[in-house]
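What follows is a set of notes on a single structure, which appears directly below.
The values are calculated or read from the model by the stated rules, or taken from the named source; none is laboratory data. Predicted, not measured: the structure shown is a model, and the values here were computed from it. When we count neighbours, we look across all protein chains shown, and the Cβ atoms used for this are built from the backbone with ideal geometry, even at glycine. Ligands, DNA and RNA are excluded from the accessible area calculation, which covers all protein heavy atoms including side chains. Shrake-Rupley method; radii C 1.70, N 1.55, O 1.52, S 1.80 Å.
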Amino acid sequence: MEREKLIKKLLHTMHHTEEHFESIINQLKELGLDTEEYDDLYKKLKEINEKIKKELNVE
């Protein structure tokens, strides 16, 4: 049961981290600033998160 709670907490944190990156990118765009590096980081973050989800057998 403890593992399930940890997985749920991890998935929640991963989801919110992606949302925060989306917000940062949008705010940078609104300010007319370059988002390329954050876009790259965001793509990498999503790739890593998907890899972890597969390792945990969750979607």
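For Glu37, indicate whether it is open to solvent by 100 Å² or more (accessible area, probe 1.4 Å) and assigned to a helix (DSSP H, G or I). Here the answer is yes, as Glu37 does meet what is asked. In this structure, is Glu4 assigned to a helix (DSSP H, G or I), open to solvent by 100 Å² or more (accessible area, probe 1.4 Å) and at pLDDT below 95? Considered against the rule, which asks whether it is assigned to a helix (DSSP H, G or I), open to solvent by 100 Å² or more (accessible area, probe 1.4 Å) and at pLDDT below 95, Glu4 comes out as yes.
Any idea which residue in segment 40-59 is modelled with the highest pLDDT, counting only those that are of a type outside the set (Lys, Arg), open to solvent by 90 Å² or more (accessible area, probe 1.4 Å) and over 12 Å from the mean Cα position of the chain (by Cα)? The selected residue is Glu55.
Please specify each residue of segment 11-23 satisfying the condition of being open to solvent by 70 Å² or more (accessible area, probe 1.4 Å) and touching a helix residue (DSSP H, G or I) at 6+ places or on another chain (Cβ under 8 Å). If the condition is that a residue be open to solvent by 70 Å² or more (accessible area, probe 1.4 Å) and touching a helix residue (DSSP H, G or I) at 6+ places or on another chain (Cβ under 8 Å), then Glu22 is the only one that fits.
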